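First the structure, in the form of C-alpha coordinates, and then the observations on it.
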Amino acid sequence: MMNLAIIGVAMVTIAVIGGILFVKRHTEQSQTQVKMVLFGLYFWGLIFVQIIILALAYALNQKFHFFQ
(Lines give C-alpha, C1' and ligand atoms only; values in the text may rest on other atoms or scores of the structure.)
Protein backbone atom coordinates (compact mmCIF):
# COMPACT_ATOMS: atom_id res chain seq x y z
CA MET A 1 0.00 0.00 0.00
CA MET A 2 2.89 2.34 0.73
CA ASN A 3 4.15 1.76 -2.80
CA LEU A 4 0.91 3.23 -4.18
CA ALA A 5 1.26 6.25 -1.91
CA ILE A 6 4.81 6.87 -3.10
CA ILE A 7 3.74 6.59 -6.74
CA GLY A 8 0.83 8.98 -6.12
CA VAL A 9 3.03 11.56 -4.41
CA ALA A 10 5.57 11.31 -7.24
CA MET A 11 2.83 11.78 -9.86
CA VAL A 12 1.44 14.86 -8.11
CA THR A 13 4.92 16.32 -7.64
CA ILE A 14 5.79 15.84 -11.31
CA ALA A 15 2.46 17.33 -12.39
CA VAL A 16 2.87 20.38 -10.11
CA ILE A 17 6.40 21.06 -11.31
CA GLY A 18 5.39 20.52 -14.93
CA GLY A 19 2.34 22.76 -14.57
CA ILE A 20 4.40 25.55 -13.06
CA LEU A 21 7.05 25.25 -15.78
CA PHE A 22 4.43 25.29 -18.55
CA VAL A 23 2.71 28.35 -17.07
CA LYS A 24 6.03 30.21 -16.64
CA ARG A 25 6.83 29.45 -20.28
CA HIS A 26 3.72 31.38 -21.35
CA THR A 27 4.87 34.84 -20.28
CA GLU A 28 2.49 36.65 -22.64
CA GLN A 29 -0.40 35.77 -20.30
CA SER A 30 -0.30 38.49 -17.65
CA GLN A 31 -3.57 37.88 -15.79
CA THR A 32 -3.38 35.75 -12.67
CA GLN A 33 -6.74 34.07 -13.36
CA VAL A 34 -5.56 32.93 -16.79
CA LYS A 35 -2.37 31.52 -15.31
CA MET A 36 -4.35 29.66 -12.65
CA VAL A 37 -6.65 28.09 -15.23
CA LEU A 38 -3.70 27.13 -17.43
CA PHE A 39 -1.95 25.58 -14.42
CA GLY A 40 -5.05 23.48 -13.69
CA LEU A 41 -5.26 22.41 -17.31
CA TYR A 42 -1.60 21.44 -17.48
CA PHE A 43 -1.71 19.75 -14.06
CA TRP A 44 -4.63 17.48 -14.93
CA GLY A 45 -3.27 16.86 -18.42
CA LEU A 46 0.03 15.68 -16.96
CA ILE A 47 -1.76 13.52 -14.37
CA PHE A 48 -3.82 11.91 -17.15
CA VAL A 49 -0.72 11.22 -19.29
CA GLN A 50 1.10 9.70 -16.30
CA ILE A 51 -1.86 7.44 -15.50
CA ILE A 52 -1.92 6.21 -19.11
CA ILE A 53 1.83 5.52 -19.07
CA LEU A 54 1.66 3.70 -15.73
CA ALA A 55 -1.36 1.65 -16.86
CA LEU A 56 0.47 0.62 -20.04
CA ALA A 57 3.57 -0.29 -18.02
CA TYR A 58 1.42 -2.32 -15.61
CA ALA A 59 -0.36 -4.15 -18.44
CA LEU A 60 2.90 -4.91 -20.25
CA ASN A 61 4.46 -6.10 -17.01
CA GLN A 62 1.52 -8.46 -16.42
CA LYS A 63 1.95 -9.91 -19.90
CA PHE A 64 5.74 -10.05 -20.28
CA HIS A 65 6.94 -9.97 -16.62
CA PHE A 66 9.58 -7.27 -17.08
CA PHE A 67 9.73 -6.56 -13.33
CA GLN A 68 9.66 -9.45 -10.91
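The values are calculated or read from the model by the stated rules, or taken from the named source; none is laboratory data. This one's a predicted model, so the numbers in the text were calculated from it and none came from an experiment. As a convention, Cβ positions derive from the backbone with ideal geometry for all residues, glycine included, and neighbour counts pool all protein chains shown. Please note that ligands, DNA and RNA were not included when accessible areas were found on the heavy atoms of the full protein model with its side chains. Shrake-Rupley method; radii C 1.70, N 1.55, O 1.52, S 1.80 Å.
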Checklist entry - How far is helix 32-64 tilted, in degrees, relative to the longest principal axis of the Cα atoms in the chain, given as a value from 0 to 90 rounded to the nearest 10? => result 10
Next on the checklist: Can you give the longest run of the chain that contains no chymotrypsin sites (Phe, Trp or Tyr not before Pro) sitting in a DSSP loop with at most 15 other Cβ atoms inside 10 Å?
Outcome noted: 1-65
Checklist outcome for this item: accessible surface per residue for the chain, probe 1.4 Å, DNA/RNA/ligands not counted, whole Å² -> 83
Next on the checklist: I want to check the label-to-label distance for E28 and N3. Put each point 7 Å from Cα in the C-beta direction and report it in nm to one decimal.
Outcome noted: 4.6
Checklist outcome for this item: Of the convex hull enclosing the alpha-carbon atoms of the chain, the direction-averaged projected area in nm² is 5.4
Checklist entry - Roughly to the nearest percent, how much of the accessible area of the chain is carbon and sulfur, given a 1.4 Å probe? => result 75
Checklist entry - Put a dot 7 Å past each Cα toward the Cβ at I17 and L56; how far apart are the dots in nm? => result 2.1
